[in-house]
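Okay, so here's the structure we're looking at.
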Amino acid sequence: LRVIRAVHALPARDRCADVLGRQPARSGTSVGANYRAVTRAKSPRDFVNKLKIVGEECDEPIYWMELIIESGLLAEKKLTALLQKANELLAFTVASIKTTRENQSA
């Protein structure tokens, strides 16, 4: 939801804002959808594979938000909390993958 709100804060009728806003809206909202798939994993291997997708989807909106900031479409302070949350989710996902792999090999 925070990603959606950030996209709504972009300037209206700005072609670059429209293009750059679509990307984090898509990848940012797919994080939750893909995480739901993780909860339905059929095996530890499936769990890790699905978590990898979540990790990729967490990382992508970070890139787009950085572009939005660098392009001057939104001030960094408007995206700081969202970027921090995205990085936390990415770190959590990577740690979960690592822990699952370690537990599989034990």
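The values are calculated or read from the model by the stated rules, or taken from the named source; none is laboratory data. Fair warning: this is a prediction, and the values are worked out from it, not measured in the lab. Cβ: placed from backbone, ideal geometry, glycine included. Neighbour counts: every protein chain shown. Remember, those area values only see protein heavy atoms, side chains included, never the ligands or the DNA or RNA. Shrake-Rupley method; radii C 1.70, N 1.55, O 1.52, S 1.80 Å.
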> Dimensions of the chain along principal axes (Cα, Å, largest first)?
Replying inline: 53, 21, 17
>> For Lys42, give me every one of the aspartates and glutamates with a C-alpha distance below 19 angstrom, ignoring sequence neighbours fewer than eight places off in its own chain.
In response: Glu102
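Using only C-alpha positions, report the orientation-averaged shadow area of the convex hull of the range 23-63, nm², one decimal. Could you put the intermediate results ahead of the total?
Values: hull surface 9.5 nm².
Its Cα hull, projected and averaged over all orientations, spans 2.4 nm².
Could you give the dipole magnitude of the chain about its Cα centre, charging the beta-carbon of Lys and Arg +1 and that of Asp and Glu -1, in debye to the nearest 20?
Values: 17 positive and 12 negative charges, 91 e Å.
That gives the chain a dipole magnitude of about 440 debye.
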>> Within the chain, which is the longest segment that contains none of the trypsin sites (Lys or Arg not before Pro) sitting in a DSSP loop with at most 12 other Cβ atoms within 10 Å?
In response: 43-106
> How large is the helix-only mean residue ellipticity at 222 nm for the chain, computed as the sum of -39500 (n - 2.57) over DSSP H runs with n ≥ 4, divided by its residue count, in deg cm²/dmol to the nearest 500?
Replying inline: -29000 deg cm²/dmol
> Got a sec? What order do Thr39, Thr29 fall in by accessible area at 1.4 Å, biggest, i.e. largest, first?
Replying inline: Thr39, Thr29
> D for the range 42-82, whole µm²/s, Stokes-Einstein with Kirkwood Rh over alpha-carbon pairs at 10 °C and 1.306 mPa s: what number?
Replying inline: 135
> Given 25 °C and 0.890 mPa s, how large is the Stokes-Einstein diffusion coefficient of the range 54-106 in µm²/s, with Rh as the Kirkwood radius over Cα pairs?
Replying inline: 201
